[in-house]
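Only one structure is covered here, and it is reproduced in the block below.
The values are calculated or read from the model by the stated rules, or taken from the named source; none is laboratory data. Just so it is clear, the model here is predicted, and its values are computed rather than measured. Glycine gets a Cβ as well: all are built from the backbone with ideal geometry, and neighbour counts include every protein chain shown. Keep in mind that these areas ignore ligands, DNA and RNA; they rest on the heavy atoms of the full protein, side chains included. Shrake-Rupley method; radii C 1.70, N 1.55, O 1.52, S 1.80 Å.
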Amino acid sequence: METIKLTIDNKEIDVPKGTTIYKAAKELGIDIPTLCYMDLHDMNIENKPAGCRICVAEVSGRRNLAPTCSTNCEQGMVVKTHTPRVLNARRTVMEFILSDHPKDCLICAKSGNCELQAMAHRLGIREIPGAEYAEVSTYREDTSPSIIRDLDKCIMCRRCEMMCNEVQTVGALSAVNRGFMATVAPAFEQNLEHSTCTYCGQCVAVCPTGALTEVNHVPSVLRALVDPSKTVVVQTAPAVRVALGEEFGLEPGTIVTGKMTAALRALGFDYVFDTDFAADLTIMEEGTEFLERLTRYLKGDKNARIPILTSCCPGWVNFFEHYFPDLKDVPSTAKSPQQMFGAIAKTYFADKIGVNRKDMVVVSIMPCLAKKYECQRDEFSVDGNPDVDFSISTRELANFIKQANIDISNLHDEEFDSPLGESTGAGVIFGATGGVIEAACRTAYELYTGKKLQRLDFTELRGMEGVRSATIDFDGLPLNIGIAHGLGNARKLLNDVRSGKSQFHAIEVMACPGGCIGGGGQPLLHGNSEILKARATAIYEEDRKKPLRKSHENPFIIKLYEEFLGKPNSEKAHHLLHTHYFNKQSKVIIKQ
Amino acid sequence: MSKIKSFSDLKKKREELKRSTEAGISAVEPGAPVQVKVAMATCGIASGARNVMEFFLEQLERRNVAAVVSQTGCMGYCYAEPTIEVRLPGQEPVVFGFVDLKRADQIIEKYIKTGELVDGIIPVNYETIDLMNKED
Amino acid sequence: MSKYNRHLLVCGGTGCHASESDSIVCNLRDELEAKDLADSVQVIITGCFGFCGKGPIVKVMPDNTFYVEVKPDDAKEIIEEHIIKGRKVTRLLYKDPLSNQPIPDSAAISQFRKQLRIVLRNCGFINPENIDEYIAREGYQALGKVLTEMTPEEVIKEVKDSGQRGRGGAGFSTGLKWELARRNQSDEKYVVCNADEGDPGAFMDRSVLEGDPHSVLEAMAICGFSIGASNGLIYIRAEYPLAIERLKIAINQAREYGLLGSDILGTGFNFDIKLRYGAGAFVCGEETALIHSMEGLRGEPTVKPPFPAEAGYRGKPTNVNNVETFAAIPAIILKGAKWFSSIGTEKSKGTKVFALAGKINNVGLIEVPMGTTLREVIFEIGGGIRNGKKFKGIQTGGPSGGCLSDKHLDTPIDFDNLLAAGSIMGSGAMIVLDEDDCMVSMAKFFLEFTVEESCGKCAPCRIGNKRLHELLGQICEGKGSLEDLDRLRNMSIVIKDTALCGLGQTSPNPVLSMLDNYYDEYVAHVTDKKCPAGQCRSLMEYVINAENCVGCTACARVCPVNAISGERKEVHLINPAICIKCGACMEKCKFDAIFIR
């Protein structure tokens, strides 16, 4: 590997050929300000359109200023990052950007968490010359079930476009119009609802300003909480408890399960339950379904569909309904844990406490924005009453807790309520990529072979690579497992299934890079993928600490079947806990 | 049109074409037909050069004048469009500008038939290189 | 058969016309009548000779005598001495400026070498829809020579030695560009011709494509041979339907003759060309945006390096050149680098095609050797300023260029001189401005174009140009201040310094050059709130001339805002604070008593 020697701000450094000036400067401890640039290096995701021109610096021999995020180092280069010329240019460009931005900071959803605001502060901008007559580019606001697009605030960083097209390969967003009115939107500037958007929310997760935010359901939840006629039940997803603390200044990867439960009770929820319980339930249903299909398949039944695909991720479900509707019979028919929980809560549990389902409000705390969309899907309600009423994200919950003057770090740990709050370690690991299929393996192995598992940690299924595979020995039967996170990676595996080339028996797909811990509703990464790794580590640690780590050993799950459902895949279980899928291909414009 | 199979074939074809009056390039011998070239680039066409061209095609035949009328590209006199170039056999070509149908008629009757010049001549104010000549 | 044995051609161009060429014609005809020669000697009025500095001109045919600075009284002497006695009037002959010798035969006058057509060598001579005419004029000889007698390295050396620099605007050495493309190894390479020609007022490329399309096809094949490419692409703007049509015909005819396709001229060299169409975006004239447009992506430029020679179309080495650059290549190959580099200046060789437009008499296409001065272009070839107005400036390079004033008139045109003067060569559009053009409005006009055409990717161009445009608008409305002039300068410098591509890097040029060359006019707009050229309506005042006003009250009655006061039969007064400058009063006044200042 060729090495380049260059000088930045009078400091010398050697770097491998192909390193950008920005990265070389970082190694020297020089933090060049950037705006559109984003590097999630562990996920191999880098966005550098070089459009904001904030990261510019003087480079010897070059007539104009160079964008350091996308200019490679060259031998003998001399770079100066803060001469008066550079500072003047940076400030003037920033003034331009701010001149075309709404001055809504006081009421903007991103205030305090906005990269543009932080940069304006860092550069000390105190006035916008010409603001009195400056035209501002405005667009129609678009509210979808999960995501709100307020493009007046877009700074054309192109991160959302990059995520949607290159990482997720959904293609709902791209740059449209030319010049001053250029923005990033679905084709023909139509609303997201009419595009192929899966609501995975990765665009929201990377947007530096308030242009892309989530629909805020906290006011609806608050209204339910203060309504004396309503019994408000809350369920929390596994990925929330390892990230919520970040919003309160705790280290990434701090597990705050107990504090979160305490905070929810303090907010006024009548029952604080755990989605992980429903995750265990999902394993029971999906695992049984899988084994049934596998058994028939191994016997040579041509109608038995193998591989089976997990179906707990609504972004992923949306994706294959749009792009692979011909494979509609391949995913498991099991609902997601959120929806299973809602179905059980409003029947089994509502009966237990003698409450009419119309008077029960089920709220979910999710790392995910697609869950907002999922809970309002028509098939997930009974006579117009949804199984899950509202889904709020980790960010919304944090904000809610702060609004209620609750200091989470000072709370004492509390336990979940029963009977829908007990979960095994298998339920917890749903939050990380590879977790669902590992949980499934723990149960499927024992159910299929009749033997006890010696090793519970299937580490070969863990990791951050986008597409992974492993073969698990089911007592002589080699089971091929495929795992993908990020929809672009999922597409690769699905193409193989479609062409018949796929060797897998079971495939787990998570729409978000990293799995649910990287969901669109989680505390923002601001480009730091170390946080994702810390969250994943925390998930597996929580699993290890649990006394029960296999879904089929959850006593409350066993009781649920005994008292109510009968057995997995029973008629009642099918009716409440299984679903079917739709062909949404007409929304995809296919080029022949 | 058959393929030209080699460089020497190309050179041969060039020699043939130079001599041919159909190609409309050289009309130096007396007795050769009159050559009329009408500038038909977008500016010419926009000013009505198509009508002028049709007029010449029709009228020269009707008035029994042996002539070859063809279209050509921009001659550069955009302020004077439509422009045409008329070459009488054995003479230097003359460029006429502001050619409307009336002037076209005059050009046929006076210049082409009798050699009498008509108003509106555009003096050629440029030199064109000759690729055959290695020096300028 | 002509009854006339002699012709007297009198220049009727505006310059000469103003100097009484009409009277000269009359006098000549009278003399001929008097001497009974009217039947054998014809007097004819022609268009402009392009010799306006020495007008009025009289040319005697067929002996090619060229008389300059002729006066109406000279008519008698010309007829008596030259026509009757056969003795040329020596004192009226054009004198060679170096030797001071009179030149009897105009064919020898170097004045006519002011324009030298290399790129346009076939335009106006051949039918562009007939490949035979192109071949008869040495067409495809250069390609034949290259394929059979030269190696790719030799071709590249010839082009490099010629000193030709790109004619699209950037002026990069053509030979060096080809060499860089050759150096990058790849199984596939591309030759791309940039025929997007987006500069407003530019039609040089269009004229070449409409008048001599084969010159471009031949040059692209030569380029393909030298860099190792067998694929050619012409990216042409959809607004040129005639050029597209003629290119298609030319490509088909070349294919039929085997001059494009496989095994060209039996040498084993394959090269074919396809057309790609633009869709109305000026920014797609930038080479990376052009390439992305051809790839089916959004037409946005991307950061260079990597340059197209390294990774261009579909990531392969690609050479992009302008139409005009290509059109000269066959001539360079046939006549040699030495010949080409003998024309022009030290660092800018050859000729350049310009499209002369604006307030000039001879609007049109010209091709001049580099080094020709602006004065020669405007006042000689261009025939001077229309309607006898005063020259104010010339905008070169379109919206990416600067406006040069009379202190630059003797600048020899070449890449570096124009850059040093605060402008750029650009693609060749030259717009001439006169005393009635307001330099603040002109800058605003050019910014309007670049604001519309900016792709929107980078902040300085997307937003900065818009702000420049707004500020210029404020100044035109009299709402600017002296600080605003400093702001204009700072914004322009920063936009130039930070924009991602050539569009943004050059869009502030009109502003900066106007500030440099016409600063006083800008100051007048902001401090005196006046527009010296009389263009900016908001800064004009409607005034009633007391001498002419009879107090008829017609103006007061028609004023929509009641800004005019006065008693019947007494001089009226317009209140400038209320006046909205609609002009209705001036239209109504029958006594010519209202004027604008």
Check: Considering C:GLY86, C:GLY12, C:GLY53, C:GLY47, which residue is among the small types (Gly, Ala, Ser), out of contact with any strand residue (DSSP E or B) (no Cβ under 9 Å at 6 or more places or on another chain) and either within 14 Å of another protein chain (Cβ to nearest Cβ) or open to solvent by less than 30 Å² (accessible area, probe 1.4 Å) (or both)?
Finding: C:GLY53
Check: Given the conditions (1) modelled with pLDDT under 95; (2) touching a Pro at 6+ places or on another chain (Cβ under 6 Å), and given that A:ASP383 satisfies all but one, which numbered condition is not satisfied?
Finding: (2)
Next item on the list: Could you tell me whether any residue of segment C:151-159 is under 25 Å from C:ARG314 (Cα atoms), open to solvent by less than 10 Å² (accessible area, probe 1.4 Å) and not in a loop (DSSP other than H, G, I, E, B)?
Entry: yes
Item checked: Pair list, Cβ under 9 Å, 6 or more apart: segment A:72-91 residue within 12 Å of chain C (Cβ to nearest Cβ) and within 17 Å of C:PRO305 (Cα to Cα), other residue surrounded by fewer than 16 Cβ atoms within 10 Å (Cβ to Cβ) and hydroxyl-bearing (Ser, Thr, Tyr) -> none
Next item on the list: Please work out which residue is nearest to C:GLY402 (Cα to Cα), limiting yourself to segment C:457-499 and to residues that are part of a loop (DSSP other than H, G, I, E, B) and in contact with a Gly (Cβ under 7 Å, 6 or more places away or on another chain).
Entry: C:CYS458
Checklist line | Pairs where the first residue, in segment C:474-491, is open to solvent by less than 60 Å² (accessible area, probe 1.4 Å) and the second is in a loop (DSSP other than H, G, I, E, B), C-beta under 7 Å, 6+ apart | finding: C:GLN474/A:TYR133; C:GLN474/C:GLY480; C:CYS476/C:CYS536; C:GLY478/C:LYS529; C:ARG487/A:PRO129
Next item on the list: Determine whether segment A:303-313 contains at least one residue that is assigned to a helix (DSSP H, G or I), touching a residue at least 60 places away in the same chain (Cβ under 8 Å) and not aromatic (Phe, Trp, Tyr).
Entry: no
Margin query: Every residue in segment C:160-187 that is within 30 Å of the chain's Cα centre (by Cα), surrounded by fewer than 18 Cβ atoms within 10 Å (Cβ to Cβ) and of a type in the set (Lys, Arg), please.
Written below: C:LYS160
Checklist line | Residue that is more than 14 Å from every other protein chain (Cβ to nearest Cβ), closer than 30 Å to A:MET360 by Cβ and part of a helix (DSSP H, G or I), where the choices are A:ALA205, A:ALA224 | finding: A:ALA224
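Residues to consider are A:ILE30, A:ILE54; find the one that is out of contact with any Phe, Trp or Tyr (no Cβ under 7 Å at 6 or more places or on another chain), away from chain C (no Cβ under 14 Å), open to solvent by less than 30 Å² (accessible area, probe 1.4 Å) and assigned to a loop (DSSP other than H, G, I, E, B).
Details: A:ILE54 fails: away from chain C (no Cβ under 14 Å).
On inspection, the qualifying residue turns out to be A:ILE30.
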Margin query: Among the residues of segment B:113-132, are any modelled with pLDDT of 90 or more and within 7 Å of chain C (Cβ to nearest Cβ)?
Written below: no
Next item on the list: Identify the residue in segment C:362-380 that is open to solvent by 30 Å² or more (accessible area, probe 1.4 Å) and either in contact (Cβ under 8 Å) with a residue 40 or more places away in the chain or part of a strand (DSSP E or B) (or both) and, among all such residues, is farthest from C:CYS48 (Cα to Cα).
Entry: C:GLU376
Check: open to solvent by 30 Å² or more (accessible area, probe 1.4 Å), more than 27 Å from C:LYS160 (Cβ to Cβ) and in contact (Cβ under 8 Å) with a residue 12 or more places away in the chain - does that describe any residue in segment C:315-337?
Finding: no
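Which members of segment B:48-60 meet the condition of being open to solvent by 60 Å² or more (accessible area, probe 1.4 Å) and within 14 Å of chain C (Cβ to nearest Cβ)?
Let us first name the residues in segment B:48-60 that are open to solvent by 60 Å² or more (accessible area, probe 1.4 Å), namely B:50-51, B:54, B:57-58.
B:ARG50, B:LEU57 - these are the residues of segment B:48-60 that are open to solvent by 60 Å² or more (accessible area, probe 1.4 Å) and within 14 Å of chain C (Cβ to nearest Cβ).
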Check: Of everything in segment A:128-145 that's in contact (Cβ under 8 Å) with a residue 12 or more places away in the chain and more than 30 Å from A:LYS371 (Cα to Cα), which residue is most open to solvent (accessible area, probe 1.4 Å)?
Finding: A:GLU135
Check: How many residues, within segment A:87-117, are of a type outside the set (D, E, K, R), out of contact with any Asp or Glu (no Cβ under 6 Å at 6 or more places or on another chain) and not in a loop (DSSP other than H, G, I, E, B)?
Finding: 14
Next item on the list: Within segment C:347-357, identify whether any single residue is touching a Gly at 6+ places or on another chain (Cβ under 6 Å), away from chain B (no Cβ under 14 Å) and not in a strand (DSSP E or B), and answer yes or no.
Entry: no
Next item on the list: Give segment C:234-250 a look and list any residue that's surrounded by fewer than 22 Cβ atoms within 10 Å (Cβ to Cβ) and among the hydrophobic types (A, V, I, L, M, F, W, C), or say none.
Entry: C:ALA238, C:LEU242, C:ILE244, C:ILE249
Check: Residues of segment C:330-346 being more than 10 Å from chain B (Cβ to nearest Cβ) and small (Gly, Ala, Ser), which ones?
Finding: C:ALA337, C:SER341, C:GLY344
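So how many residues does segment A:293-335 have that are among the aromatic types (Phe, Trp, Tyr) and open to solvent by 10 Å² or more (accessible area, probe 1.4 Å)?
We begin by selecting, within segment A:293-335, every residue among the aromatic types (Phe, Trp, Tyr); these are A:297, A:316, A:319-320, A:323-324.
Then drop every residue that is not open to solvent by 10 Å² or more (accessible area, probe 1.4 Å), which leaves A:297, A:323.
Going through segment A:293-335 one residue at a time, the tally reaches 2.
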Checklist line | Unique residue being of a type in the set (A, V, I, L, M), more than 40 Å from the chain's Cα centre (by Cα) and not in a helix (DSSP H, G or I) when the list is C:ALA556, C:ALA546, C:ALA533 | finding: C:ALA546
Note to self: Residue under question is C:GLU448, and the condition is that it be among the acidic types (Asp, Glu) and either at the interface with another protein chain (Cβ under 9 Å from one of its Cβ atoms) or not in a helix (DSSP H, G or I) (or both); does it hold?
What the structure shows: no
Next item on the list: Kindly indicate whether B:ALA39 is under 14 Å from the mean Cα position of the chain (by Cα) and over 26 Å from C:GLU245 (Cβ atoms).
Entry: no
Check: What are the residues in segment A:250-288 that are surrounded by fewer than 19 Cβ atoms within 10 Å (Cβ to Cβ) and assigned to a helix (DSSP H, G or I), if any?
Finding: A:GLY258, A:ARG265, A:ALA266
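Out of C:ALA250, C:ALA195, C:ALA243, which single residue is within 27 Å of B:THR42 (Cβ to Cβ), touching a residue at least 24 places away in the same chain (Cβ under 8 Å) and more than 23 Å from the chain's Cα centre (by Cα)?
Working: C:ALA195 fails: more than 23 Å from the chain's Cα centre (by Cα); C:ALA243 fails: more than 23 Å from the chain's Cα centre (by Cα).
One residue alone meets the criteria, C:ALA250.
Kindly indicate whether C:GLU129 is in a loop (DSSP other than H, G, I, E, B), open to solvent by 40 Å² or more (accessible area, probe 1.4 Å) and modelled with pLDDT under 90.
no
Against the definition (within 13 Å of chain B (Cβ to nearest Cβ), open to solvent by 10 Å² or more (accessible area, probe 1.4 Å) and of a type in the set (Asp, Glu)), how does C:ASP30 come out, yes or no? Spell out how you get there, then give the answer.
Numbers: within 13 Å of chain B (Cβ to nearest Cβ): no; open to solvent by 10 Å² or more (accessible area, probe 1.4 Å): yes; of a type in the set (Asp, Glu): yes.
When the stated conditions are applied, C:ASP30 does not pass them.
Please pick out the residue among B:PRO33, B:PRO82, B:PRO93 that is in contact (Cβ under 8 Å) with a residue 12 or more places away in the chain, within 12 Å of chain C (Cβ to nearest Cβ) and at negative phi. Give the steps one after another, and end with the answer.
On the way: B:PRO33 fails: within 12 Å of chain C (Cβ to nearest Cβ); B:PRO82 fails: within 12 Å of chain C (Cβ to nearest Cβ).
Going through B:PRO33, B:PRO82, B:PRO93 in turn, the sole match is B:PRO93.
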